[in-house]
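Inspection log for the structure reproduced underneath, given as structure tokens.
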């Protein structure tokens, strides 16, 4: 069974700090890894990573994938109170020979940024 | 550009009842997936619809069923509700099944009493 584990489960920091969120996975026939930010209800898409070692960046957020060690990290620099949210990691695998885009999620990391 | 919309926002039902949740995908998307998110957990895949057919299914009982209409909108039906069905139900759409980037709606909060 596909498995995605995120750590830490929760994190409390102050504005300006840099945080690193971790996501490890055990899946059959990995295809891609996605990061989402969930503030109230709808998860919003951040990054999709398919190749090892290529960093994706968007403003203060960046992410990288290591397909050999089966993990990804999400970095947020100079954190702001608006970064407070649940960060979800999801993996697409191709276990059954199809790639219909089923996302298997981790349990999420709750990030709280204090002023 | 309209994003993914879901209705209703909140719903309260009694054990044993049936419920129908609705989803309209993002403009231009023809693939809809449904997820269940229990409190404090990540979303769990229920099933995915494309071309009005269920293409893939997660580990959910037959009480959970769905439908996709010619305009790509979708419904999730849950029969014989249990207390454990209380959760946030999220709908996500994508351009087509092979595109993994999925866009989520705001969800329907279902409470079963």
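Derivation of every value follows stated rules applied to the coordinates shown; laboratory data play no part. Quick caveat: nothing in here was measured; it's all calculated off a predicted structure. Methodologically, a virtual Cβ is constructed for each residue, glycine included, from the backbone with ideal geometry; neighbour enumeration extends over all protein chains shown.
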Note on chain A: contact order normalised by length, alpha-carbon pairs under 8 Å, 6 or more apart, percent, works out to 37
Proxy reagent accessibility, fewest Cβ within 10 Å first, across A:50, A:28:
A:28, A:50
Sorting A:11, A:88 on the 10 Å Cβ count, fewest up front, what's the list?
A:11, A:88
Can you sort A:102, A:67 so the residue with the fewest Cβ neighbours within 10 Å comes first?
A:67, A:102
What percentage of all Cα-Cα pairs in chain A are separated by more than 20 Å?
38
Seen from all sides and averaged, what is the projected area of the convex hull of the Cα atoms in the range B:12-55, in nm²?
4.6
Please work out the Cα center distance from the range A:25-62 to the range B:42-94, rounded to the nearest Å.
23
Normalise the Debye intensity by I(0) for chain B, one equal point scatterer per Cα, no solvent, then take log10 at q = 0.21, 0.24 Å⁻¹ and round to two decimals.
-1.12, -1.44
For Cα pairs less than 8 Å apart in space and 6+ apart in sequence, what is the mean separation divided by the residue count of chain B, i.e. the relative contact order in percent?
37
